[in-house]
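> Mind having a look at this structure? Questions to follow.
None of the figures in this text is laboratory data; all of them are computed from the coordinates on show. What you are looking at is a predicted structure, and each value in this text was computed from that prediction instead of being measured. In this analysis, Cβ positions are derived from the backbone assuming ideal geometry, glycine residues included, and neighbour counts consider all displayed protein chains.
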Amino acid sequence: MAFFHGVKASQVPTSIIPPRQISASIPVFVGCAPIHRLPDSSHAAKNGEVVLCYSNAEAVRSLGYTASDNFEKWGLSEAAYTMFVMYACAPAIFINIFDPTVHKKAVTNESVTLTSSGGQLAHDDIIEFILTTSEGVECQDGIDYALNNITGQISVAKTGILNGATSVNVTYTYAAPELVTTNECIGGVDLNNNKTTGLQLIDRVFTQYRVLPGVIVAPGFSDDPSVAAIMATKAGAINGIFRAIAVADLPKSLINYIHVPEYKIKKNLVQEDLIVCWPRAIFNNQVMRLSTLTAGVIAKTDANNDDVPYVSPSNELLNMQSATADGINELWLSLDNANSLNANGIVTALNFNGGWRLWGNRTACFPDVTDIKDTFISNRRMFGWYSNQLILTWWQKVDDPIGHRLIQTIMNSEQITLNSYTAKGYILGGRIEFLESENSTLDLMDGIIQFHINLGTQSPAEHINFRLEYDPDYLSTLFG
């Protein structure tokens with residue numbers, strides 16, 4: 001040590017480390033957004049990108065969506081409207097898989113009849129557009145006519161060459177999100193172009209934004225059982241180590257609730273990291289997917305409970321006016337109908353007491369799996385959330401020397417965390433142990449240490465029963 005004459009001060013690492021605070025319910029939506037409408041594409045959620053939005057204005061700027069969009073076509077419009085308008089929760093992550101240069105259809109020389117109010121194209125969401133007179137003269141947008149690219153409505157200028165015309169010919173291309181395939185939603189990694197797409201982009205969320213996905217939703221695609229299965233797989237191993245929950249719909253072709261459990265079993269939708277929803281909802285004359293609304297309910301419920309997922313989203317208010325299976329006819333489930341769906345691990349909507357409510361506590365693995373850690377949605381999410389928190393909190397200690405200081409720091413810090421969660425009512429109790437039986441000599445020599453945590457999560461009060469008994473002793477009150 002070099003010679004020193006004087007006074008020094010130094011710092012040592014804190015022996016108690018607070019937990020890394022993470023959000024439990026940040027949703028990742030994978031689907032189609034009408035980005036072709038955006039005049040400025042620099043902020044567009046292009047295919048192959050991950051976009052984080054904290055407000056409705058940001059979502060409009062990135063997705064090009066409007067509240068009047070056809071949500072059946074544009075799943076990310078439905079997702080943004082649900083999160084920012086209906087449930088006022090933020091942030092949300094969007095992965096757009098619609099590419100206007102690929103997913104489009106062309107129309108050549110469509111004849112459009114003009115009236116005093118203008119004309120209407122056979123399709124909407126126009127991408128490219130050329131309008132000519134019946135004699136073949138090309139007209140100028142903004143001079144001879146005006147086109148509403150979203151609705152396909154043509155307005156004729158009074159001073160242009162179309163004044164008095166009764167018809168025009170139009171050649172155009174229009175957005176066709178229906179061309180996006182389930183394989184594009186599942187996505188993959190193209191090593192030749194170094195491009196990742198679809199659900200595989202979820203692994204980029206944390207590295208790009210330092211936030212963890214909490215709920216994975218694919219509106220418009222999750223009713224395909226292959227997509228739902230991949231969503232559940234991805235939810236169980238984000239970046240290979242983190243956990244979330246996936247929420248999927250069942251097809252609208254299932255009209256009668258009696259056939260819904262059979263379909264779920266037949267398609268093997270039995271994963272513990274999956275929530276299966278049926279039917280759909282109607283809000284403001286829009287047909288909306290129950291999976292999207294469930295993500296909104298989960299976000300709202302967590303926000304009301306310190307952003308900790310210990311409260312079940314079941315029996316929480318749904319923003320909807322009616323239910324539908326096919327998107328046309330209203331559907332009314334009785335309590336027995338809804339409970340029969342719950343008994344098969346299906347979450348539904350019930351209008352029984354206090355308005356429309358999300359109804360169901362169980363993940364898709366129920367009833368085949370009986371471990372309450374996996375079958376209850378709140379328990380499944382709590383274990384995943386706490387696991388994520390452990391990983392992020394103690395990542396800073398990876399590669400530290402294995403010694404008493406490291407072991408005691410982890411044990412003391414986590415026990416304080418578990419005690420605080422118990423005091424706040426998030427869990428019933430918890431303890432951490434470093435057991436010799438779980439840490440062999442070979443493992444310790446090889447740099448592997450293992451801690452055992454017992455976690456007492458709280459199951460939802462799914463069944464409350466009151467027993468009433470007649471007591472004849474109270475007859476004595478008749479005689480004063």
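> Give, in nm to one decimal, the length gained when the segment between Arg467 and Ser420 is fully stretched (0.36 nm per residue of separation minus the Cα-Cα distance).
13.3 nm
> Ok, one more. Restrict the search to region 346-403; then list the chymotrypsin sites (Phe, Trp or Tyr not before Pro) that DSSP places in a loop and that have at most 14 other Cβ atoms within 10 Å of their Cβ.
Here the sparse-neighbourhood loop sites are Phe352.
> Specify whether the C-alpha gyration tensor of region 104-175 places it in the rounded, prolate or oblate class, a ≥ b ≥ c being the square roots of the eigenvalues: rounded for a/c under 1.5, otherwise prolate if a/b is larger than b/c and oblate if not.
prolate
> Can you tell me how much longer the chain between Thr477 and Thr171 gets when fully stretched, taken as 0.36 nm per residue apart minus their C-alpha distance, in nm with one decimal?
Between Thr477 and Thr171, full extension yields 101.2 nm more.
> With the radius of gyration and the Kirkwood radius both derived from the Cα set of region 402-480, what is their ratio Rg to Rh?
Taking Rh as the inverse mean 1/r over Cα pairs, Rg/Rh reads 1.46.
> Only loop residues by DSSP count here, and only those with at most 15 other Cβ atoms within 10 Å; note down the GluC sites (Glu not before Pro) in region 119-183 that meet that.
Answer by residue number: Glu135.
> Something else: Roughly how far apart, in whole Å, are the Cα centres of region 374-445 and region 450-464?
Cα centroid to Cα centroid, the span is 15 Å.
> Residue separation times 0.36 nm, minus the C-alpha to C-alpha distance between Asn148 and Ala237: what's the value?
Full extension of this stretch gives 27.6 nm more.
> Can you give me the distance in nm between label points at Trp395 and Val211, each placed 7 Å from the Cα along the Cα-to-Cβ direction?
1.6 nm
> For region 216-305, give the share of DSSP beta bridges that are antiparallel, in percent and rounded to the nearest 5; count only bridges with both residues there.
The antiparallel proportion sits near 45 percent.
> Apply the Karplus parameterisation 6.51 cos²θ - 1.76 cosθ + 1.60, with θ equal to phi minus 60°, to every residue of region 272-283 and state each ³J(HN,Hα) to the nearest whole Hz, in sequence, with x for glycine and proline.
Couplings: 6, 9, 10, 10, 9, 10, 7, x, 10, 10, 10, 9 Hz.
> Under a 5 Å amide H to amide H cut-off, with H placed in plane at 1.01 Å, what residues pair with Leu274 once short-range neighbours are removed?
Ala246, Ala364, Cys365
> Amide H of Val215: which non-local residues (sequence gap of 5 or more, or other chain) have their own amide H closer than 5 Å, using H built in the peptide plane?
Ile26, Val28, Ile245
> Say a site is exposed when it is one of the trypsin sites (Lys or Arg not before Pro), sits in a DSSP loop, and has at most 10 other Cβ atoms within 10 Å; what is then the longest site-free stretch of the chain?
Answer from the scan: 211-466.
> Using a Förster distance of 25 Å, how high is the FRET efficiency between Gln408 and Asp446, based on the Cβ-Cβ distance and rounded to 0.05?
The calculated FRET efficiency here is 0.70.
> Another question about this same structure. What are the ³J(HN,Hα) values, in whole Hz, obtained from phi via the Karplus relation 6.51 cos²θ - 1.76 cosθ + 1.60 with θ = phi - 60°, for each residue of region 222-238 in sequence order, with x given for Gly and Pro?
Taking θ as phi minus 60°, the curve returns 5, 6, 8, x, 5, 5, 4, 5, 5, 4, 5, 4, 5, 4, x, 7, 6 Hz for region 222-238.
> What is the angle, in °, between the Cα long axis of helix 290-303 and the longest principal axis of the Cα atoms in the chain? Nearest 10 is fine, range 0 to 90.
Taking the Cα atoms of the chain, the angle to 290-303 is about 50 degrees.
> Classify the chain: rounded, prolate or oblate, from the alpha-carbon gyration tensor (a ≥ b ≥ c, eigenvalue square roots; a/c under 1.5 rounded; otherwise prolate if a/b is larger than b/c)?
Note, shape of the chain comes out oblate.
> A further question follows. Taking the 0 to 90 degree range and rounding to the nearest ten, how far is the long axis of helix 404-424 tilted relative to the main principal axis of the chain, both from C-alpha atoms?
Compared with the principal axis, the helix lies near 70 degrees.
> Now, a different point. In whole Hz, what ³J(HN,Hα) sequence does region 134-142 give by Karplus (6.51, -1.76, 1.60; θ = phi - 60°), x for Gly and Pro?
With the stated coefficients, region 134-142 comes to 5, 8, x, 8, 6, 9, 9, 5, x Hz.
> Next question. Using only Cα atoms, find the angle between the long axis of helix 377-394 and the longest principal axis of the chain, and express it within 0 to 90 degrees, rounded to the nearest 10.
70 degrees
> Reported to two decimal places, what Rg/Rh ratio describes region 73-197 when computed on Cα atoms with Rh from the Kirkwood expression?
When Rh is taken as the Kirkwood radius, the ratio is 1.12.
> I want the antiparallel fraction of DSSP beta bridges within the chain, as a percent rounded to 5.
That works out to approximately 75 percent antiparallel.
> Taking amide H positions as placed 1.01 Å from N in the peptide plane, with prolines and chain starts having none, which residues 5 or more places from Trp356, or on another chain, fall under 5 Å of its amide H?
Close amide H contacts, sequence-distant or interchain: Leu318.
> Round to a whole angstrom and tell me the spacing of the C-alpha centers of region 101-180 and region 264-294.
38 Å
> Would you mind classifying region 290-387 by shape? Square roots of the alpha carbon gyration tensor eigenvalues, ordered a ≥ b ≥ c; an a/c under 1.5 is rounded, otherwise it is prolate if a/b is larger than b/c and oblate if not.
In terms of gyration-tensor shape, oblate.
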